[in-house]
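For reference, the structure is listed below as structure tokens.
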Amino acid sequence: MDLKDQINKSLEGDLDSFNQIVIEFQNLVYNQAYRILGEPGTAEDATQEAFISAYKKLHTYRGGSFKSWLLRIVSNACYDEFRRRKRQPVSPLFPENKQGNEVDSASWLEDPGEKPEDSLLRNELSEAIQICLDRLEFEFRTIVILVDLQGMDYASAAEVIDRPLGTVKSRLARARRNLQDCLQSFRELLPVEFRHVGEV
């Protein structure tokens, strides 16, 4: 059953068909929420809210990119959560498990084929990127995640955030500059070719 059929059956009240949509897009939606909010638990909540909202609003989908439509919903859910927290710190420097103990890395980031030192470096770099993302204003954070992490083109990203193409390009340029400046403070984690970017 293709996506169009799943959507049509979901509109008829077939929850199994909607569950298939959830399974297909849950990683995409969670990754968007996690990178925006910076906390696994909060990202899980936003992901759940996004899918509930998507189910309720499915009748408003008018064709085109379903991915863009869905990412717009999760980005809005993240924005609602972002406003509620009023810019409180969202990403601890050292992640904790449910018992409140520090963990070296999230299990979903681990690759059993990696050498321990490579895994450690990648996890530290991922944490550094998240710290720098958390320092961006919401609007800039969202657009850089859509384009640079989710791989969307400018037009699709503009559709998600409901802004003109020029706004997307200008926000992305500013976000990239700010990220670049921030990541220079973690330069020992960066690949060699990126360590001196921006230096005179």
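Against the criterion of being out of contact with any strand residue (DSSP E or B) (no Cβ under 7 Å at 6 or more places or on another chain), of a type outside the set (A, V, I, L, M, F, W, C) and without any contact (Cβ under 8 Å) to a residue 24 or more places away in the chain, SER185 qualifies.
No other residue among GLU96, GLU127, GLU114 is farther than 17 Å from ALA43 by Cβ, at pLDDT below 85 and of a type in the set (D, E, K, R) apart from GLU114. ARG135 satisfies every condition listed in (1) in contact with a Cys (Cβ under 8 Å, 6 or more places away or on another chain); (2) modelled with pLDDT under 90 except (2).
Here are the criteria: (1) at pLDDT below 90; (2) surrounded by fewer than 17 Cβ atoms within 10 Å (Cβ to Cβ); (3) in contact with a Cys (Cβ under 9 Å, 6 or more places away or on another chain). Tell me which single one CYS182 does not satisfy. Only one criterion is unmet by CYS182, namely (2). Of the numbered criteria (1) at pLDDT 90 or above; (2) exposed (fewer than 13 other Cβ atoms within 10 Å of the Cβ); (3) of a type in the set (S, T, N, Q), the one SER156 fails is (2).
The values are calculated or read from the model by the stated rules, or taken from the named source; none is laboratory data. Worth saying up front: this structure is predicted, and the values here are computed from it rather than measured. Because the Cβ atoms are built from the backbone with ideal geometry, glycine has one as well, and the counts that use them run over all protein chains shown.
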